[in-house]
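The values are calculated or read from the model by the stated rules, or taken from the named source; none is laboratory data. Being a predicted model, the structure only gives us computed values, none of them experimental. Cβ placement follows ideal geometry from the backbone for every residue including glycine, while neighbour counts extend to all protein chains displayed. Ligands, DNA and RNA are excluded from the accessible area calculation, which covers all protein heavy atoms including side chains. Shrake-Rupley method; radii C 1.70, N 1.55, O 1.52, S 1.80 Å.
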Amino acid sequence: MIPTMVGRLDTAERRHKQTSKRHEQEDNFERRKPHNYRDNNKSSERQHRRHNSNSDDDDRRKRPRNDRRDNSRHQGRSDSDHVWGTKDSSSSEKKPDAKKEEPNFETTGKLAEDTNTFNGVVIKYSEPAEARKPKRRWRLYPFKGEKQLPVLHIHRQSGYLLGRDRKVADIPIDHPSCSKQHAALQYRLVSAKKDRRRVRCIRPYIIDLESANGTYVNNQRIDSKKYVELMEKDVVKFGFSSREYVLLHEHSTDSGDDDSLAEDDPNEESNAD
C-alpha cells in the first residue's frame, strides 16, 4: 500500500511541475510576441481611428486655406474680369447710384434775410417781377372823421410799405392796432382790355402782410398775402384805426383817357368784330 501511494505522489508532483513549466513557457512566449501579433483586431481598429482623425485634421487645415484663396481671388478681381452669365454676390448687392444734387447758389434762410434788410430790420415783403413805377400820379387822401389830413403822393416809386415801424415803413400808421409791417401798396404791369383789344397797363394793388387786425377795402376785409386791385375812389382802412384813405389821381375830376395804359400787349391778338 505504502509504495503505491508514494508512486502516485511522485507522478502527481511530476505532472504539476510539467504543467507549471508549460504555463511558464506560454507566459514567456506571450511576452515575447510583438504588439501586432498579440491583438490584430484591436490594432486594426486603432489604426482606422487614427486614419480618420488624420483625415479630419487635414480637412480642417485645408478649409481655411481654400477660403483665403477664394477671398483673395475675389478681392483682386476687377469688373473687367467678370464673366457675364455667372453669379456674383458682390454685383447683386450693389445699389444703384443716387443722382448727385446740383449746387444751389440762391440765397436761403438767414442769408436771404440779410439781403432783404433795411435799417437792421428784416423786410417781410419783396416786390414781384412785374413791379413797375406808375405813369399816372396816384394820391391817397387821408381823413380822420370829417377832418382832411395832408395828401400822400404815391407815384414816385413802384411800391410802398405801410406799418407802425417807422424805420422801414414808407407810409407810417401809428395806430396801436396796426402791425409793424401791416400792408404794401404795389404797382404791377398787367393785361387789361380797352376798346376791344388787350393792352398792358400799370395798376395799383394792395396786399395784406398777415397783419393781426387786417386790411379793409370799402369796409371789406381782404385776404392776407393776396393782391387786391384798387380802383379809383376806393377807401382803404388798416386795423381798428378810424383813418380812411381815399385813392384818387390827378385826372380824377376829368373825363380824359386812362393814361396808365402803356402799350399793346404783344402776346394777345386784337379782337376785331
Inset, instruction - Mind listing whichever residues of the stretch 160-172 are open to solvent by less than 50 Å² (accessible area, probe 1.4 Å) and closer than 19 Å to L248 by Cβ? - result: Y160, L162, I171
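Mind checking which strands (runs of 3 or more DSSP E) fall wholly inside the stretch 169-252 and carry at least 3 residues that are at pLDDT below 95 and more than 23 Å from L149 (Cβ to Cβ)?
Numbers: elements: 183-194, 197-208, 215-217, 235-238, 243-249.
So the answer is 183-194, 197-208.
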Inset, instruction - Among what's in the stretch 120-152 and is loosely packed, with under 11 Cβ neighbours inside 10 Å and not charged (D, E, K, R), pick the residue that is farthest from Y205 (Cα to Cα). - result: G120
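Mind telling me which of the residues V122, V83 ends up being under 34 Å from the mean Cα position of the chain (by Cα), modelled with pLDDT under 95 and among the β-branched types (V, I, T)?
Working: V83 fails: under 34 Å from the mean Cα position of the chain (by Cα).
That would be V122, the only listed residue that is under 34 Å from the mean Cα position of the chain (by Cα), modelled with pLDDT under 95 and among the β-branched types (V, I, T).
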Legend entry - Count of residues meeting criterion [within 16 Å of K237 (Cα to Cα) and of a type in the set (G, A, S)] in the stretch 138-168: 2
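Would you call R156 open to solvent by 10 Å² or more (accessible area, probe 1.4 Å), free of Cβ contacts under 8 Å to residues at least 60 places away in the same chain, not hydrophobic (A, V, I, L, M, F, W, C) and not in a strand (DSSP E or B)?
Numbers: open to solvent by 10 Å² or more (accessible area, probe 1.4 Å): yes; free of Cβ contacts under 8 Å to residues at least 60 places away in the same chain: yes; not hydrophobic (A, V, I, L, M, F, W, C): yes; not in a strand (DSSP E or B): yes.
Yes, satisfied.
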Inset, instruction - Sort out which residues of the stretch 118-153 are touching a Lys or Arg at 6+ places or on another chain (Cβ under 8 Å), in a strand (DSSP E or B) and under 23 Å from S211 (Cα atoms), and write them in order of number. - result: F118, V121, A131, P142, F143, K144, L152
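Return the residue satisfying two criteria in turn: it lies in the stretch 182-195 and is free of Cβ contacts under 8 Å to residues at least 60 places away in the same chain and open to solvent by 60 Å² or more (accessible area, probe 1.4 Å), and of such residues it is farthest from the chain's Cα centre (by Cα). Give the derivation first.
Residues of the stretch 182-195 that are free of Cβ contacts under 8 Å to residues at least 60 places away in the same chain, as a first pass: 182-187, 193, 195.
From the residues that got through so far, the ones that are open to solvent by 60 Å² or more (accessible area, probe 1.4 Å) too are 193, 195.
Details: K193: 46, D195: 53 Å.
So, considering only residues that are free of Cβ contacts under 8 Å to residues at least 60 places away in the same chain and open to solvent by 60 Å² or more (accessible area, probe 1.4 Å), the one farthest from the chain's Cα centre (by Cα) is D195.
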Inset, instruction - Could you check, for the stretch 196-210, whether at least one of its residues is open to solvent by less than 20 Å² (accessible area, probe 1.4 Å), in contact with a His (Cβ under 9 Å, 6 or more places away or on another chain) and acidic (D, E)? - result: yes
Legend entry - Residues being of a type in the set (S, T, Y), surrounded by 13 or more Cβ atoms within 10 Å (Cβ to Cβ) and closer than 18 Å to P176 by Cβ - total across the stretch 211-244: 4
Legend entry - Breaking point among (1) loosely packed, with under 11 Cβ neighbours inside 10 Å; (2) at pLDDT below 90; (3) assigned to a loop (DSSP other than H, G, I, E, B); (4) in contact with a strand residue (DSSP E or B) (Cβ under 8 Å, 6 or more places away or on another chain), for S270: (1)
